[in-house]
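What follows is one structure encoded as structure tokens, with my remarks underneath.
The values are calculated or read from the model by the stated rules, or taken from the named source; none is laboratory data. The structure presented is a predicted model; accordingly, all values stated were derived computationally and were not measured. Here Cβ is always computed from backbone atoms with ideal geometry, including for glycine, and neighbour counts include all displayed protein chains. The area values use the complete protein model at the heavy-atom level, side chains included, leaving out ligands, DNA and RNA. Shrake-Rupley method; radii C 1.70, N 1.55, O 1.52, S 1.80 Å.
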Amino acid sequence: MTQNASQLVDKFLRGISTHHIETIRDTWRALMQCRESAVPEVQKRLSSKAWKDNPRGPSTRYFGALLALLDELDPAVFRQEIYRLKRTKLHPVHRRTLNILTKRLDDQPAIVLSDNTPVFISDDIVDRARVIKNLTKWSRIKGVTLEQVTRIDVIARRADMDYLGKYNLFFSYIVLTWPSPSPKGLHLWWARITAEFTFYHEVGHHVLGHGEGGQVAEQEKEANEFASAMLRNSRPVFVLIGRAIIWPVKPLLRRLLKRSERYRA
């Protein structure tokens, strides 16, 4: 089993070096299944004297990837390794990486969902209780599965952001955004609808095994279809009412959309 773990870590690092998403994802999941033998293998790589030298090529990314992997494998050993590395000589690039990942030591999940997925909520979020309530409910909708989702991060939404959510293809975790402070009235209702759809959309990327991170239109369409199906399961009455309102003006909406697309072109 130790030899197998060693081969998996080697393959994981090759995936990091080539940005091959499927390799990274598959080896990450395989290593989670052999934690006992994988932990010492990762520790052995982190004990290398190479980290004090000037990193070249993909080795710049290896140090952070190994630390992130160790954190998922065994948080207690990760803590010990952080303290050990702080006492060793490191190249400034790796020292900065270490300082960033050290912040995880005080990072406690706000809640752990039913699929054993930890949820971390930014301190900038004012109404944390509402976020926890929403995610707990959404994660229990029929058809939603978070199996092998390593974590969910909820961060404050800002005006300069060009996304509502993201799915990290490398390490299978989800990032969601939420307004802070929380809006009121109709704005709160709309924020909840968009956040719920976004959650299902990102889960859809995970469930469907997408590997291009929103770069393929067909995959975005599939994730939207998954999200729509989950929203129907979650809010059947709302979806029926929405269809009744939109259906009569659907041809007009299509014409306006086509006109808008020609204008953008």
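Some values worked out for this structure:
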item	result
Residue 149 vs. criteria closer than 28 Å to residue 17 by Cβ and either in a loop (DSSP other than H, G, I, E, B) or open to solvent by less than 20 Å² (accessible area, probe 1.4 Å) (or both)	yes
Matching residues in segment 114-131 - criterion: being under 15 Å from the mean Cα position of the chain (by Cα) and over 20 Å from residue 73 (Cβ atoms)	121, 122
Number of positions in segment 85-108 that are assigned to a loop (DSSP other than H, G, I, E, B) and without any contact (Cβ under 8 Å) to a residue 24 or more places away in the chain	3
Close pairs (7 angstrom Cβ cut-off, 6 or more residues apart or separate chains): farther than 10 Å from residue 176 by Cβ and without any contact (Cβ under 8 Å) to a residue 40 or more places away in the chain in segment 129-140, exposed (fewer than 13 other Cβ atoms within 10 Å of the Cβ) and small (Gly, Ala, Ser) anywhere	139/114; 140/114
So residue 107, is it open to solvent by 70 Å² or more (accessible area, probe 1.4 Å) and touching a strand residue (DSSP E or B) at 6+ places or on another chain (Cβ under 8 Å)	no
Residue under evaluation residue 221, criteria (1) part of a helix (DSSP H, G or I); (2) under 25 Å from residue 28 (Cα atoms), criterion not met	(2)
Residues of segment 23-39 satisfying the condition of being outside any loop (DSSP other than H, G, I, E, B) and open to solvent by less than 70 Å² (accessible area, probe 1.4 Å)	23, 24, 25, 27, 28, 29, 30, 31, 32, 37, 38, 39
Test: residue in segment 128-139 that is modelled with pLDDT of 90 or more, touching a helix residue (DSSP H, G or I) at 6+ places or on another chain (Cβ under 6 Å) and either not in a helix (DSSP H, G or I) or not hydrophobic (A, V, I, L, M, F, W, C) (or both)	no
Checklist (1) surrounded by 13 or more Cβ atoms within 10 Å (Cβ to Cβ); (2) under 26 Å from residue 66 (Cβ atoms); (3) among the hydrophobic types (A, V, I, L, M, F, W, C) applied to residue 112, failing item	(1)
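Residue-by-condition table, conditions (1) modelled with pLDDT of 85 or more; (2) among the small types (Gly, Ala, Ser); (3) part of a helix (DSSP H, G or I):
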site	(1), (2), (3)
183	no, no, no
188	yes, no, yes
194	yes, no, yes
202	yes, no, yes
211	no, yes, no
214	no, yes, no
